[in-house]
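I have placed the structure first, in the form of structure tokens, so that the comments after it can refer back to it.
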Amino acid sequence: MDKPVPGRRQFLIGTAVVVGTGLAGVLGTTVRDGELGAPPRSFRGGVPWTEGQADAPPGVSGEDYKFFTPAERMFIEAAVSRLIPNDEVGPGALEANVPFFLDRQLAGPFGRGDHYYLGGPWPKGTPEQGYQSRFSPAQVYRAAIAAIDKHTRANFNGTDFAKLSDDDRDKLLKSMESGSLQLEDGVDAKTFFTMLLQNTKEGYFSDPIYGGNKDMAAWKMIGFPGAHYDYREWVTRHGEPVPFPPVSFKGRPGWNGES
Amino acid sequence: MVTTLKPVDAVIVGFGWTGAILAQQLCDAGLEVLALERGPWRDTSTDFATGFAQDELRYMWRHHLFQNVSDDTLTIRNNVNQTALPMRHLGSFLLGTGVGSGGVHWNGQIWRFLPSDFLTKSHNQERYGKQSVTDYDLTVQDWGVTYDDLEPFYNQFDVLCGTSGKAGNLNGQIQPGGNPFEGARSAEYPTPPMAQTYGPTLFGKAATDLGRHPFPHPTGNLSQPYVNNLGAQIGACTYCGFCEKFGCGNYSKASPQTTVLPYVMAKSNFTLRTESEVLKVELSPGRKQATGVSYVNSAGEEFFQPASLVILSSYILQNVRLLLLSGIGTPYNPQTGLGVVGKNYAYQTMSSVNVFFDDKLINPFIGAGALATVVDDFNGDNFDHSGLGFIGGAYIAGMVTGGRPIEMIYTPQGTPAWGLAWKHAAAKNYLRSFSLSVHGSCMSHRGNYLDLDPTYRDIHGRAMLRMTFDFTDNEHKMSDYLTDRAAEIAKAMNPREIKLNRRTGSWNVVPYQTTHNTGGAIMGDNPTNSVVNKYLQSWDVPNVFSMGAGAFPQNAGYNPTGTVAALAYHSAQAIIQQYLKSPGPLVQA
Ligand SMILES: Cc1cc2nc3c(=O)[nH]c(=O)nc-3n(C[C@H](O)[C@H](O)[C@H](O)COP(=O)(O)OP(=O)(O)OC[C@H]3O[C@@H](n4cnc5c(N)ncnc54)[C@H](O)[C@@H]3O)c2cc1C
Ligand code: SF4
């Protein structure tokens, strides 16, 4: 253990045991997935550094929906378009492609409850104790959408949430926000609303590599330049407009011919 | 099966700020040192390079660098009459993990506590009477160490980080441009203060008009390139605005990675093992001596690591938990007030005031973790508390750390959280608003403490830590008074409007407040009032030292790490100069 391995640029692997993941043989390749647990390592004799390895962000590709059923997708589109409606000031959540962002988030580690502790027992708790549910975020969405549609069908002549008027959807969203809407099947409306609103804003304002914030239009609306990293020139230019158009990790229209 | 490994002179449990400092100090003293870190290795070019470091979703909201609570968290409640439940998602504080830990994703706000902060009990009692320190069931204490004792070690941390700032008190002489209330410094800051953007500049002007004493925030976001005493090179901050909660892609934020690791990792007497979680400190049969630590790695292999010296540097919450799980010291009992381990858990009392302009472009995305102009006129005992009904205080900072749009869009009073009205308010105010932060002290209280949870277990089957905490009337009164002082400055900037975000109600685990947890392994002058002596040495098991803010008997109105680092250097010097020559208690009980 802890013996130098020659030719590895002061990068020493001691008790290196690769745990049972797709990571086997990862050392020395260009992939490094920070979402997965790393194998135990031992370092001696220098700063370990491997050329070309980067814990690059897990962007998304494609256009297909992986998590939401068609009915769930209609629900989500009808809800987020009320949370952030479209007008001439800036895009709505629908126009910013937030439903697709949500789909990919729920299909991935976030949806599975990575970074949530979900062990029992599960008493309800006080508001100060925060999230207290056995459900992962994906389970919260699935159960809540079903419970809300059940509620609207019972109270609005068999109509799904997605088919209600703007006003009725706003009223329902408000009653979820305040916690006054009671749902069945173990669903807490306020917990769902809080999560949906937060995730909607995430999809609206995060880097477009995650599938939302289409054309960086939400950044343009507020005047945020995005992934710039150096503002030294502008620090003491007080009150001047900063003329940088927004840029994402993928660049911006005009760079690399991409849009 | 547990494998017993070759003994080392010192084992360091956790490799964040204090672990890195102790490793460097003990290696330089010639010891064979092993650090065990539960999280992964992390370096700038691999883990937070500029091509992808500025990712709000991934780092802030998906907790990419923070502790994953899915297999280990703590339980929380506001008082003993409630049932503590797991903190199922990080919120109020963002616990670090991995090499560098919180030192990677901190703001870099580098403070010293006031001389009077180290004498919370005796000083306030003398000036305001005995009830000032016992009202509201406060359990404040003196530290057993003074500002003057720590000054050389504060300085050592500034030299390590290259802290950017302007001294306000050099060897007792008040200096223009600095903080006139600070304790005397033996040296100027290693690098000049950062240039201030528009928001902090407006704040400074308004504060001056009101007769306050503004100065640039001392910062580990460096104003210019710097080579430190260990030969590490730190770059100049580019005001990227993705600082706290993110790693710095520019090598310009002081962190273990940028200041200590290049040096310590090259030492031939140092070893680091990552993905290795210490479960317990093992004791000799008489329980007077630690024999080493047991740990398990991410492959599930279990080890016993013998060591002559055990340094706990696993952040306050894990330090306290390891002391409790290992049976070191007597657990605190809130009913009787007896026992010490877990006693005096405290936090930070935060509030803020948002300011909105019509005519001024603040451009909040030009920011840095510690970019602020500050007034310290109402911190600690810098002002007369007679008749106010509280002790303690806060600094007030006109601060722009960034304009990350998911987290940091301010909207005026009465704006709904969604809908067209919200969107219009966001579009209108984003570039024209910023926030004054009121960063308040938190006194210790009889009912606020840490112990082991009776129900919830982590993935290894160990009891989770249980946190029982709420803000007391002392804190609410202090915070209201200070928020009013901040509002005065906000109004003096002549904005269109302001919004007060007061500290109301019970402590809530959901919104981020600070990762400034303190107490539970407190220091003091004798074993009946403290867990460790002034050198952070356990009174009960003298070859165990407990680093970190767990040693604070109560929390002052500043960010903790300057003081955490000074205490670590102070402890390291005592270990090297006294303990190694004659192992045993450094202070007689
Ligand atoms: C977002 C944020 C902003 C902050 N900003 C500031 C600031 O501006 N100014 C300031 O003064 N402070 C700030 N802090 C606080 C600062 O990060 C901490 O005070 C500091 O990192 C504490 O150092 P430490 O060595 O005690 O613990 P840490 O640096 O947290 O290191 C503890 C290490 O121990 C490891 N560990 C824990 N348990 C075990 C175990 N059982 N076995 C093995 N390893 C273990 C952890 O994984 C971690 O690596 C901030 C914190 C956060 C999260
Ligand atoms: S603000 Fe400065 S110190 Fe902070 S991460 Fe950005 S470049 Fe680094």
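If we scan the range B:486-496, do we find a residue that is in a strand (DSSP E or B), at pLDDT 95 or above and in contact with a helix residue (DSSP H, G or I) (Cβ under 8 Å, 6 or more places away or on another chain)? No, because not a single residue in the range B:486-496 is in a strand (DSSP E or B), at pLDDT 95 or above and in contact with a helix residue (DSSP H, G or I) (Cβ under 8 Å, 6 or more places away or on another chain). Scoring A:ALA144 on the criteria (1) out of contact with any His (no Cβ under 8 Å at 6 or more places or on another chain); (2) surrounded by fewer than 22 Cβ atoms within 10 Å (Cβ to Cβ); (3) among the hydrophobic types (A, V, I, L, M, F, W, C) leaves a single failure, condition (2). Here's a check for you: in the range B:17-74, which residue that is among the aliphatic types (A, V, I, L, M), at the interface with chain A (Cβ under 8 Å from one of its Cβ atoms) and assigned to a loop (DSSP other than H, G, I, E, B) is nearest to ligand 2 (Cβ to nearest atom)? Here the residue is B:ALA53. Here B:ASP135 qualifies as at pLDDT below 95 and either out of contact with any strand residue (DSSP E or B) (no Cβ under 7 Å at 6 or more places or on another chain) or over 27 Å from A:PRO109 (Cβ atoms) (or both). Each residue in the range B:400-442 was checked for being of a type in the set (D, E, K, R) and either assigned to a loop (DSSP other than H, G, I, E, B) or touching a Ser or Thr at 6+ places or on another chain (Cβ under 8 Å) (or both), and 2 of them qualify.
Being in contact with a strand residue (DSSP E or B) (Cβ under 8 Å, 6 or more places away or on another chain), over 30 Å from B:ALA35 (Cα atoms) and not hydrophobic (A, V, I, L, M, F, W, C) holds for only one residue in A:GLN139, A:GLN129, and it is A:GLN129. Please work out if A:PHE205 is more than 7 Å from every other protein chain (Cβ to nearest Cβ) and either hydrophobic (A, V, I, L, M, F, W, C) or free of Cβ contacts under 8 Å to residues at least 60 places away in the same chain (or both). For A:PHE205, the condition - more than 7 Å from every other protein chain (Cβ to nearest Cβ) and either hydrophobic (A, V, I, L, M, F, W, C) or free of Cβ contacts under 8 Å to residues at least 60 places away in the same chain (or both) - is not met.
If you go through the range B:66-89 and keep only what is touching a His at 6+ places or on another chain (Cβ under 7 Å) and within 13 Å of ligand 1 (Cβ to nearest atom), you end up with B:ASN68, B:VAL69. Pairs are defined by a Cβ separation below 6 Å, a sequence spacing of at least 6 or placement on different chains, a first member in the range B:248-264 that is without any contact (Cβ under 8 Å) to a residue 40 or more places away in the chain and within 11 Å of chain A (Cβ to nearest Cβ), and a second member that is more than 12 Å from ligand 1 (Cβ to nearest atom) and assigned to a loop (DSSP other than H, G, I, E, B); the pairs so defined are B:SER252/B:LEU222; B:SER252/B:GLY235; B:SER252/B:ALA236; B:SER252/B:CYS237; B:PRO262/A:VAL47; B:PRO262/B:ALA232.
Among the residues making up the range B:514-567, those that are aromatic (Phe, Trp, Tyr) and away from ligand 1 (no atom under 14 Å from the Cβ) are B:TYR535, B:TRP539. Would the range A:188-204 turn up any residue that is outside any helix (DSSP H, G or I), in contact with a Phe, Trp or Tyr (Cβ under 8 Å, 6 or more places away or on another chain) and at pLDDT 95 or above? No, every residue in the range A:188-204 fails to be outside any helix (DSSP H, G or I), in contact with a Phe, Trp or Tyr (Cβ under 8 Å, 6 or more places away or on another chain) and at pLDDT 95 or above. Report yes if some residue within the range B:3-17 is crowded, with 21+ Cβ neighbours inside 10 Å, modelled with pLDDT of 95 or more and out of contact with any strand residue (DSSP E or B) (no Cβ under 8 Å at 6 or more places or on another chain); otherwise report no. Yes, there is a match, as at least one residue in the range B:3-17 is crowded, with 21+ Cβ neighbours inside 10 Å, modelled with pLDDT of 95 or more and out of contact with any strand residue (DSSP E or B) (no Cβ under 8 Å at 6 or more places or on another chain). Residue pairs whose Cβ atoms lie under 8 Å apart, sitting 6 or more positions apart in sequence or on different chains, and linking a residue in the range B:287-314 that is more than 27 Å from B:THR518 (Cα to Cα) and part of a loop (DSSP other than H, G, I, E, B) to a partner that is modelled with pLDDT of 95 or more and hydroxyl-bearing (Ser, Thr, Tyr), are B:SER298/B:SER276; B:GLU301/B:THR3.
Checking each residue in the range B:231-243 for being buried (at least 24 other Cβ atoms within 10 Å of the Cβ) and either among the aromatic types (Phe, Trp, Tyr) or in contact with a Phe, Trp or Tyr (Cβ under 8 Å, 6 or more places away or on another chain) (or both) picks out B:ILE234, B:TYR239, B:CYS240, B:GLY241, B:PHE242. A single member of A:ASP55, A:ASP114 is in contact with a Lys or Arg (Cβ under 7 Å, 6 or more places away or on another chain) and over 23 Å from A:LYS174 (Cβ atoms), and it is A:ASP55. Among residues of the range A:42-63 that are more than 7 Å from chain B (Cβ to nearest Cβ), those with a Cβ under 6 angstrom from a residue that is in a loop (DSSP other than H, G, I, E, B) and at pLDDT 85 or above, sequence gap 6+ or separate chain, pair up as A:VAL60/A:GLY211. Please indicate, with yes or no, whether at least one residue in the range A:227-244 is under 25 Å from the mean Cα position of the chain (by Cα), assigned to a helix (DSSP H, G or I) and more than 9 Å from chain B (Cβ to nearest Cβ). Checking the range A:227-244: not a single residue is under 25 Å from the mean Cα position of the chain (by Cα), assigned to a helix (DSSP H, G or I) and more than 9 Å from chain B (Cβ to nearest Cβ). In summary, B:TYR569 fulfils each of the numbered conditions (1) buried (at least 24 other Cβ atoms within 10 Å of the Cβ); (2) within 28 Å of B:GLY392 (Cα to Cα) with the single exception of condition (1).
Restricting attention to the range B:94-138, the residues that are over 22 Å from B:ALA397 (Cβ atoms), touching a residue at least 12 places away in the same chain (Cβ under 8 Å) and assigned to a helix (DSSP H, G or I) add up to 15. Consider the range B:243-258. How many of its residues are of a type outside the set (Lys, Arg) and within 12 Å of ligand 1 (Cβ to nearest atom)? Selection size over the range B:243-258: 8. So is B:LYS534 assigned to a loop (DSSP other than H, G, I, E, B) and of a type in the set (D, E, K, R) or not? Considered against the rule, which asks whether it is assigned to a loop (DSSP other than H, G, I, E, B) and of a type in the set (D, E, K, R), B:LYS534 comes out as yes. Cβ-Cβ distances below 7 Å connect the following pairs, each with a first residue in the range B:227-241 that is over 25 Å from B:GLY367 (Cβ atoms), a second residue that is within 16 Å of ligand 1 (Cβ to nearest atom) and assigned to a loop (DSSP other than H, G, I, E, B), and a separation of six or more residues or different chains: B:LEU230/B:VAL260. When B:GLN156, B:GLN173 are checked against the criterion of being within 23 Å of the chain's Cα centre (by Cα), over 21 Å from A:PRO225 (Cβ atoms) and surrounded by fewer than 24 Cβ atoms within 10 Å (Cβ to Cβ), B:GLN156 stands alone in meeting it. When B:ILE489, B:ILE576 are checked against the criterion of being over 24 Å from the mean Cα position of the chain (by Cα), touching a residue at least 40 places away in the same chain (Cβ under 8 Å) and farther than 21 Å from B:GLY292 by Cβ, a single residue qualifies: B:ILE489.
Among the residues of the range B:352-372, those that are within 16 Å of ligand 1 (Cβ to nearest atom), in a strand (DSSP E or B) and crowded, with 24+ Cβ neighbours inside 10 Å comprise B:GLY367, B:ALA372. Does at least one position in the range B:525-539 carry a residue that is buried (at least 24 other Cβ atoms within 10 Å of the Cβ), more than 16 Å from ligand 2 (Cβ to nearest atom) and within 20 Å of B:LEU74 (Cα to Cα)? Within the range B:525-539, not a single residue is buried (at least 24 other Cβ atoms within 10 Å of the Cβ), more than 16 Å from ligand 2 (Cβ to nearest atom) and within 20 Å of B:LEU74 (Cα to Cα).
Criterion applied to B:PHE66, B:PHE113 was being of a type in the set (A, V, I, L, M, F, W, C) and within 24 Å of A:GLU202 (Cβ to Cβ), and the one residue passing it is B:PHE66.
The values are calculated or read from the model by the stated rules, or taken from the named source; none is laboratory data. Computed from a predicted structure; not experimentally measured. Please note: Cβ atoms are built from the backbone with ideal geometry, for glycine as well, and neighbour counts cover all protein chains shown.
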